[in-house]
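**Q** Shown below is the structure under consideration.
The values are calculated or read from the model by the stated rules, or taken from the named source; none is laboratory data. These numbers were taken from a predicted model, which means no experiment stands behind them. Every residue, glycine as well, gets a Cβ built from its backbone with ideal geometry; the counts of neighbours run over all protein chains shown. Note: areas computed on protein heavy atoms with side chains; ligands, DNA, RNA excluded. Shrake-Rupley method; radii C 1.70, N 1.55, O 1.52, S 1.80 Å.
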Amino acid sequence: MEAKQMSRNGLNIERLYYKDSHLKEFEAVVLSCEEKTGAKGEKDGFWVVLDRTAFFPEGGGQFGDIGWLEDVEVTDTREVGGVICHETKKPLVSGSIVKGKLNFDVRFDRMQQHTGEHILSGLVHNLYGYDNVGFHLGDEITTLDFNGELTEEQVQDLEFRANWAVFENVPVQVLYPTKEQLKQVDYRSKIEIEGQIRIVSIPGYDICACCAPHADRSGEVGMIKIISCERHRGGCRMTILCGFRALEDYRRKQQSVTEVSVALSAKPDKIGEAVRHLKEQQNGTREQLNRVQELYLLQKLEQLTPEDRNICIFEKELDHIAARNFVNRAVEKCGGVCGIFIGTDTDGYHYILGSRSVDMRIFSKTLNEMFHGKGGGKPEMVQGSLTGLEEKIRNVIMEA
């Protein structure tokens, strides 16, 4: 069963990517070159139509190929009304013979991701009966949506099985069954398809209707890494990296592990334990600091006298619970406004204001208007944030 050419609008375009998904260069005749118009009517490049092409148009969840026609860059490939259109910034002469060259690095990367997706989707379907209800092959990651949830153990098992499929290096087969033959084929398909159905089969793992080019063998996928699998719309969304993307991700993470290992003077396989130990030390230090800050504020509180109508304290860092406790106690000693501002002139301040004689909601509204702030609370206490200079803020508080 061989791939058929597409004929529509009088054109008979030979789809070379179906004959050889690894074809990098070819020659073709320019059938037409029309100026492309943007959404606002502006001229936005050209659509070039060839009599034959190795450029795959956008479809099946995969972006259109890019590359060159002679020295003219092809920035996208799309199918419009059965006609494959190559998007270029410069025109080509109709009737001329041109040499096409794919950006094969991009094509091969996409084939790695797409074939890896088929392996995983087939495994999920065969093992758990879930359907792939969404697929996006992006420039950085690939996501798969399933209509059922997967446990962490199931995800780990799927990743192992998927990579075993890669190691087996099974052939990736493309079939064009007749209607009668199709009745005997149990294949996955997300949409209803009219006309000739193209089936991509990875024996033992998946059989699915798909219009995109794929790897010749599963070994070309290189490696399949599941980055995450999270709940999504009653099912789950799986994020994966395949082939060189997975290798690059490993390199980046290995570099991060090495940097953390050096910084913590811990072996790479012990950095998790070292980080937990460091976090425990930090929590202990934070508790000690909070106690010191609380003692500092208690000293401030003891120094207050009835003559201190308004109180204003500025600190770069301060425990919020200790600050709030101080304001609650200080308002019993001062007759006006008691305020604590935590932060800096550059980064802004978080404030806690209290009073037994001044409505803090009205006062904070005025303060926020003066210093581009926001916040609120009750008549006796408000909290918020603002941006301004300590001297000017202090003047406003002390004059309240």
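**Q** Work out how much length T387 to E35 would gain on full extension: take 0.36 nm times their residue separation and subtract the Cα-Cα distance, in nm to one decimal.
**A** Length gained between T387 and E35: 121.4 nm.
**Q** List the lysines whose Cα lies under 21 Å from the Cα of K179, skipping any in the same chain that are fewer than 8 positions away.
**A** Reachable lysines: K4, K190.
**Q** Just to make sure I understand: if all protein chains stay in place, what is the order of E42, E140, E230 by accessible area at 1.4 Å, largest first?
**A** If we order E42, E140, E230 from most to least accessible, we get E140, E230, E42.
**Q** In whole Hz and in residue order, list the ³J(HN,Hα) couplings for the range 310-324 that follow from phi through the Karplus curve 6.51 cos²θ - 1.76 cosθ + 1.60, θ = phi - 60°; x for Gly and Pro.
**A** 10, 10, 9, 10, 10, 9, 5, 9, 6, 5, 5, 5, 5, 5, 5
**Q** Is it possible to state the helix-based mean residue ellipticity at 222 nm for the chain, with each DSSP H run of 4+ residues giving -39500 (n - 2.57), the sum divided by total residues, to the nearest 500 deg cm²/dmol? What is it? It would help to have the intermediate numbers written out before the result.
**A** Values: 9 runs with 134 residues, N = 400.
So the calculated ellipticity at 222 nm is -11000 deg cm²/dmol.
**Q** Can you give the convex hull volume per residue for the Cα atoms of the range 279-345, as a whole number of Å³? Intermediate results must be reported in sequence, preceding the final value.
**A** Values: hull volume 5.2 nm³, N = 67.
That works out to 77 Å³ per residue.
**Q** Which ³J(HN,Hα) values, rounded to whole Hz and listed in residue order, are derived for the range 198-212 from phi using the Karplus coefficients 6.51, -1.76 and 1.60 in 6.51 cos²θ - 1.76 cosθ + 1.60 with θ = phi - 60°, glycine and proline given as x?
**A** Here the 3J(HN,Hα) series is 9, 10, 9, 10, 10, x, x, 10, 7, 8, 8, 6, 7, 9, 8 Hz.
**Q** Among (1) 32.9, 98; (2) 20.5, 61; (3) 23.7, 82, only one was calculated for this model; which label is it, if the read-out is Rg and Dmax of the Cα atoms in Å?
**A** The value computed from this structure is option (1).
**Q** State the extension gain, in nm to one decimal, for the chain segment bounded by V93 and Q288, taking 0.36 nm per residue of separation less the distance between their alpha-carbons.
**A** Gain on stretching V93 to Q288: 62.4 nm.
**Q** Here is a further query. With a Förster radius of 51 Å, plug the Cβ-Cβ distance of Q299 and Q254 into 1/(1 + (r/R0)^6) and report the FRET value to the nearest 0.05. Kindly include the intermediate steps, with their values, before the conclusion.
**A** Working: r = 51 Å, r/R0 = 0.99.
Approximately 0.50, to the nearest 0.05.
**Q** Of all the accessible heavy-atom surface of the range 358-400, with the other protein chains kept in place and a 1.4 Å probe, what percent is carbon and sulfur?
**A** 53
**Q** While we're here: About the Cα centre of the range 356-399, how large is the charge dipole given +1 on each Lys and Arg Cβ and -1 on each Asp and Glu Cβ? Please answer in debye to the nearest 20.
**A** Here the range 356-399 has a charge dipole of around 160 debye.
**Q** So, taking all protein chains as they sit and a 1.4 Å probe, how much accessible area belongs to R107, in Å² rounded to tens?
**A** Counting only protein heavy atoms, the figure is 0 Å².
**Q** Just by accessible area at a 1.4 angstrom probe, what is the order of K300, K179, K99, K267 from largest to smallest?
**A** Final ranking, largest accessible area leading: K179, K267, K99, K300.
**Q** Might you tell me the accessible area per residue for the range 46-99, computed with a 1.4 Å probe and given in Å²?
**A** On the way: 2280 Å² over 54 residues.
Per-residue accessible area for the range 46-99 comes out at 42 Å².
**Q** If you roll a 1.4 Å probe over the range 139-258 with all protein chains in place, what percent of the accessible area is carbon or sulfur?
**A** Carbon and sulfur: 50 percent of the exposed surface of the range 139-258.
**Q** Between I362 and S189, what length in nm is gained on full extension when 0.36 nm per residue of separation is reduced by their alpha carbon distance?
**A** Full-extension gain reported as 55.9 nm.
**Q** Continuing with this model, one more query. Explain nothing, just the number: dipole magnitude of the chain about its Cα centre with +1 on each Lys and Arg Cβ and -1 on each Asp and Glu Cβ, in debye rounded to the nearest 20.
**A** It works out to roughly 540 debye.
**Q** Hey, another quick one. Indicate the gyration tensor shape class of the range 214-269 (rounded, prolate or oblate), computed on the Cα atoms with a ≥ b ≥ c the square roots of the eigenvalues: a/c under 1.5 is rounded; otherwise a/b larger than b/c is prolate and the rest oblate.
**A** oblate
**Q** ³J(HN,Hα) across the range 123-130 via Karplus (A = 6.51, B = -1.76, C = 1.60, θ = phi - 60°), whole Hz, x for Gly/Pro?
**A** Result, ordered by residue: 5, 4, 5, 5, 7, 10, x, 7 Hz.
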